[in-house]
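What follows is a short report on a single structure.
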Amino acid sequence: PVLVVDFGAQYAQLIARRVREASVYSEVVPHTATVEEIVARKPAAVILSGGPSSVYADGAPQLDARLFDHDIPVFGICYGFQAMAGALGGTVTHTGTREYGRTQLSVDGGILHEGLPTTQPVWMSHGDAVTDAPHGFEVTATSAGAPVAAFEDRARRLAGVQYHPEVLHSPHGQQVLTRFLREIAGIAPTWTAANIADALIEQVREQVGDGKAICGLSGGVDSAVAAALVQRAIGDRLTCVFVDHGLLRAGEREQVQQDFVASTGAKLITVDAVDTFLSELEGVSDPETKRKIIGREFIRSFEGAVTEVLGESVAHGEAVDFLVQGTLYPDVVESGGGTGTANIKSHHNVGGLPEDLQFSLVEPLRLLFKDEVRAVGRALGLPEEIVARQPFPGPGLAIRIVGAVTRDRLALLRQADAIAREELTAAGLDGQIWQCPVVLLADVRSVGVQGDGRTYGHPIVLRPVSSEDAMTADWTRLPYDVLERISTRITNEVPEVNRVVLDVTSKPPGTIEWE
Ligand code: XMP
């Protein structure tokens, strides 16, 4: 792998993701990893991430110069660039001038920026600056606040930049990272969806052996792709469980029952729990209470189905040993990383399975980012309807009805949501949108006029957002004509809705969902 050493900024994961976009496998390691540990991983290259604003700051993480004794290609970014310069005998000066945000970079020679504009905008965020490159390095770029903004030593396969190539505000950053990987480190692009899928299927086969597994399907991309991988690996020894809680969007149950099963051949149990969920939710409008009820009922339903599957197996003298989960890499990194399979008391993960059930977790996606999960799903032949699906919250439409949940309100919202999705897809906008919650303000009424009569109906809110990870988001500037079509259709086609409004709040301060 290409190892990204995390010096504590938010950027390490993003760097790993960009490296993978260049079709090279990459993982994040903490800066506390020793040189021996890094070398033992046989990295194709090491990337030193950004970090605190100053290498001189109290407690600033140090770089062990012995890293450079192993003929490993190294790329330094921002703090990593300065740490690298310092470790190799260059000079890092506390200049006192801060450079923050969009900056013009002037390129002069070198292979890293070859073929790219000689002046280009880049994203800077630093206080100190490298004022002298280490011996043997060519200085290939400068900026107003960084006399040495990029350097390279091609013979030793070392290079670095003061700016952040991993962020979108550095428009040529991806090319620069790719050039380092290909031209300086000499790494071949082999991290492709088909290769990833093959490798993961093989791993699952090894892990599960001739055991049995179950997988809860949420209707979302992650659990669908995880299940498809495991199904490829162990066939009918996997049973999928899908709980219909009545809070799904139009067509979702059918999508799982037909499209998913048709494209994977997986064995599926559907639990129809609509009545239970809706009666438990009756009269509840507090968001947190809704979430708690749904979480509790979900576990009950899932548990019931599992007991059923187990019962069958036990009758045949077998056991279900594995629980498949669609955990992704960002969750793994956030919870402290770690490799290997946790053997847990299942209720810690699924939130309430009987204590005496012991499962080993199968998490085939635990090293993947969302876009890679989608690519693997496509490589496995899952239909676009499943793979390109927007994220959808577990509590479903219940947290998109501001007010109490009823069958009628669910029906209205489902209809409005289907219209919005249809029009966004028809306009080719799915790629630009992270997700577009459609919210029914059930406790709000406004006066309108339709035909010749006065109406007193409910507003529907459109909440289109753009995001890379849902941690932060911006409201998507949808074309007016698309908004108009959605608005006209919803007010014409959905009874009791007489107004469509657009949410123009970013996150923060708003969250993506309304509840
Ligand atoms: P917020 O509203 O917190 O949402 O900005 C961030 C992302 O998480 C999704 N979301 C949920 N997903 N269970 C889920 O599985 C939940 O309870 C839940 N609440 C929010 C939301 O759709 C967005 O993608």
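Just so it is clear, none of the values below were taken in a lab; they were calculated from the coordinates. All values derive from a computational prediction rather than experimental measurement. Don't worry about glycine lacking a Cβ; one is built from the backbone with ideal geometry, like all the others, and counts go over all protein chains shown.
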* On a 0 to 90° scale, report how tilted helix 407-426 is relative to the longest principal axis of the chain, with both axes built from alpha carbons and the result rounded to the nearest 10. => 40 degrees
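Quote to one decimal, in nm, the extra length available between ASP275 and ALA65 on full extension: 0.36 nm per residue of separation minus the C-alpha distance between them.
On the way: separation 210, 0.36 × 210 = 75.60 nm, distance 6.42 nm.
Extra length from ASP275 to ALA65 when fully extended: 69.2 nm.
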* Asked: Can you list the residues, at least 5 places off or on another chain, whose amide H is less than 5 Å from the amide H of LEU268, using H built in the peptide plane?
  -> CYS240
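Please give the FRET efficiency for SER106 paired with ALA470, using the beta carbon to beta carbon distance and R0 = 30 Å, rounded to the nearest 0.05. Please list the in-between numbers first.
Numbers: r = 37 Å, r/R0 = 1.22.
After rounding, the FRET efficiency stands at 0.25.
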* Counting DSSP beta bridges with both ends in the chain, the antiparallel % (nearest 5) -> 45 percent
* Of PRO391, PRO30, LEU281, which is farthest along the charge dipole of the chain in the positive direction, counting Lys and Arg as +1 and Asp and Glu as -1 at C-beta? -> PRO391
* Asked: Among ARG205, ARG400, which comes first, second and so on when ranked by fewest other beta-carbon atoms within 10 Å?
  -> ARG205, ARG400
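For the chain, compute the orientation-averaged projected area of the C-alpha convex hull (one quarter of its surface), in nm². Walk me through the numbers on the way to the answer.
Working: hull surface 107.7 nm².
Orientation-averaged projected area of the Cα hull: 26.9 nm².
Taking the Cα centre of the chain as the origin, how large is its charge dipole in debye, to the nearest 20, when only Lys and Arg (+1) and Asp and Glu (-1) carry charge on their Cβ atoms? Can you show the working numbers first?
Details: 44 positive and 67 negative charges, 133 e Å.
Approximately 640 debye in magnitude.
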* Asked: For the range 91-239, how big is Rg over Rh, using alpha carbon atoms and the Kirkwood form of Rh?
  -> 1.22
* Place +1 on the Cβ of every Lys and Arg and -1 on the Cβ of every Asp and Glu in the chain, take the dipole about the Cα centre, and give the residue among ILE419, ALA227, GLY186 whose Cα lies farthest towards its positive end. => ILE419
* Asked: In the range 270-306, which residues have a backbone nitrogen under 18 Å from the label point lying 7 Å from ARG407's Cα in the Cα-to-Cβ direction?
  -> 272-284
* To do: Return a single number: how many Lys pairs in the chain, at a sequence separation of 8 or more or on separate chains, have alpha-carbon atoms below 27 angstrom apart.
  => 13
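For PHE68, PHE7, what ranking results if the residue with the fewest other Cβ atoms within 10 Å of its Cβ goes first?
Details: PHE68 18, PHE7 24.
Ascending Cβ contact count within 10 Å gives the list PHE68, PHE7.
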* Structure fact -> Once phi for every residue in the range 267-276 is put through the Karplus expression 6.51 cos²θ - 1.76 cosθ + 1.60 (θ = phi - 60°), the whole-Hz ³J(HN,Hα) values, with Gly and Pro written as x, are 7, 10, 10, 9, 9, 8, 10, 4, 4, 4
* Asked: How far apart, in nm, are the 7 Å Cα→Cβ label points at GLU312 and ASP331?
  -> 2.5 nm
* **Distance in nm between pseudo-label sites at GLU202 and LEU116 (7 Å out along the Cβ direction from Cα)** => 3.4 nm
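Using the beta-carbon distance between ILE299 and THR95 and R0 = 56 Å, what value does 1/(1 + (r/R0)^6) give for FRET efficiency, to the nearest 0.05? Kindly include the intermediate steps, with their values, before the conclusion.
Values: r = 57 Å, r/R0 = 1.01.
The formula returns an efficiency of 0.50 here.
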* Using a/c under 1.5 as the rounded threshold, could you call the range 183-222 rounded, prolate or oblate? The axes a ≥ b ≥ c are square roots of the C-alpha gyration tensor eigenvalues, and prolate needs a/b larger than b/c, oblate otherwise. => oblate
* Can you tell me the Rg and the Dmax, both Å, for the Cα atoms in the range 46-142? -> 13.6, 40
* Structure fact -> Normalised per residue, the volume inside the convex hull of the alpha-carbon atoms of the range 401-502 in Å³ amounts to 103 Å³
* Structure fact -> For ALA44, other-chain or 5+-apart residues with amide H closer than 5 Å (H placed, Pro excluded) are VAL2, LEU3
* Report the FRET efficiency, 1/(1 + (r/R0)^6), for VAL501 and GLU384, where r is their Cβ-Cβ distance and R0 is 30 Å, rounded to 0.05. => 0.50
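Arrange the following residues from fewest to most other Cβ atoms within 10 Å of their Cβ: VAL439, VAL461, VAL261.
On the way: VAL439 23, VAL461 19, VAL261 16.
In increasing order of surrounding Cβ atoms, one gets VAL261, VAL461, VAL439.
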* Tell me the label-point distance for the pair ALA319, SER285, using the 7 Å Cα-to-Cβ offset, in nm and rounded to one decimal. => 5.0 nm
* Label-zone membership for the range 229-272, site GLU422, 7 angstrom Cα→C-beta point, backbone N under 14 Å -> 250-251
* Cβ charges +1 (Lys, Arg) and -1 (Asp, Glu), total dipole of the range 1-126, debye -> 320 debye
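Over all pairs of distinct alpha carbons, what does the Kirkwood formula give as the hydrodynamic radius of the range 2-184, in Å?
On the way: mean 1/r = 0.0634 Å⁻¹.
Kirkwood hydrodynamic radius for the range 2-184: 15.8 Å.
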